[in-house]
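Data block below; observations after.
Derivation of every value follows stated rules applied to the coordinates shown; laboratory data play no part. Note that the coordinates shown come from a computational prediction; the quantities given were computed from them, not determined experimentally. Every residue, glycine as well, gets a Cβ built from its backbone with ideal geometry; the counts of neighbours run over all protein chains shown.
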Amino acid sequence: MNCWEHGKGCQAKDKCPAYPNNGRICFSVRGTLCHGDVQGSYNEKKAGCRKCDFYKNEIHGLVDRQRPTTSKTAVGRFGRR
């Protein structure tokens, strides 16, 4: 899903620098048009991004896809019981 497809949809997507190729990583694109307002760099807009449902879902999805799976528990890795 892209950011402009999330929620009520974006009315400014054609003017946004995240459209059409960076909608899944809009938080990393400078000058996006979140809620119709021009945003700055990630460092400038991260407080707002961290409150965004799309950002939270996308970040957790990226983290989950990159996290290696293991059947060991913390006890098993450290050899303690």
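In the neighborhood of A12, defined by Cβ-to-Cβ distances under 14 Å, what is the net charge if each Lys or Arg adds +1 and each Asp or Glu adds -1? Its environment carries a net charge of 0.
On the principal axes of its alpha-carbon atoms, segment 3-65 has extents of 31, 23, 19 Å, going from largest to smallest.
Neighbours of G31 by Cβ distance under 11 Å: Lys/Arg scored +1, Asp/Glu scored -1, total +1.
When C3, C52 are arranged by Cβ crowding within 10 Å, least crowded first, meaning fewest neighbours, the order is C52, C3. 3J(HN,Hα) couplings calculated from phi for segment 22-31 with the Karplus curve 6.51 cos²θ - 1.76 cosθ + 1.60 (θ = phi - 60°) are, in sequence order, 10, x, 7, 10, 4, 4, 9, 9, 5, x Hz; Gly and Pro show x. Per-residue 3J(HN,Hα) values for segment 36-49, derived from phi via the Karplus relation 6.51 cos²θ - 1.76 cosθ + 1.60 with θ = phi - 60°, read x, 10, 5, 9, x, 6, 4, 4, 7, 10, 4, 4, x, 4 Hz in sequence order (x marks Gly and Pro).
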